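Student: Provided herewith is a single structure, encoded as structure tokens, for subsequent inquiry.
Read the figures in this text as sums done on the coordinates, not as results from a lab. Note that this is a predicted model, so its numbers are computed, not measured. Positions of Cβ are generated from backbone atoms using ideal geometry, with glycine treated the same way; all protein chains shown enter the neighbour counts.
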Ligand code: FES
């Protein structure tokens, strides 16, 4: 998503039903003059947000748009060197940055719509 507009609940990203469960999508959000690529993950009915930057070398996780999950949908995958991250907390459980974590972003779900709130955990 390019250039979302800030609203009362935060920056609107998508409808909840536009996210598969499990599933993930990438968005670009603007805060002031800064732009941030984020990943929105839906897992077991909950929604989680992360900065799209691998803690290993800082690259985006995906090679193809919105292809963030492992084949079985159980983890996030960095395609650069194969790091795998838990969906619910972004902790790396396998790969060169094992034990580190994706940076969280604050999201909210209001009236079945997902909003970006802020950088950092909720
Ligand atoms: S940059 Fe992600 S595993 Fe190396």
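Student: At a Förster distance of 25 Å, what's the computed FRET efficiency of residue 15 paired with residue 59, Cβ-Cβ distance as r, to 0.05?
Tutor: According to the calculation, E is roughly 0.30.
Student: Another question, then. With springs only between Cα atoms under 10 Å, which of 103, 46, 83 fluctuates most in a Gaussian network model of the chain?
Tutor: Fluctuation is largest for 46.
Student: Mind telling me which of 26, 95, 58 comes out most flexible in a GNM of the chain, alpha-carbon contacts under 10 Å?
Tutor: Taking springs between Cα atoms under 10 Å, the residue moving most is 58.
Student: Want the number for residue 44 to residue 93: 0.36 nm per residue separation, take away the alpha-carbon distance, what's left? Write out the running numbers ahead of the final one.
Tutor: Values: separation 49, 0.36 × 49 = 17.64 nm, distance 1.91 nm.
Here the segment from residue 44 to residue 93 would lengthen by 15.7 nm.
Student: Pick out which of 32, 73, 82 has the largest mean-square fluctuation in a Gaussian network model of the chain, springs linking Cα atoms closer than 10 Å.
Tutor: The residue that fluctuates most here is 32.
Student: What value does the stretch 22-115 have for Rg/Rh, both radii from Cα atoms and Rh as Kirkwood defines it?
Tutor: 0.95
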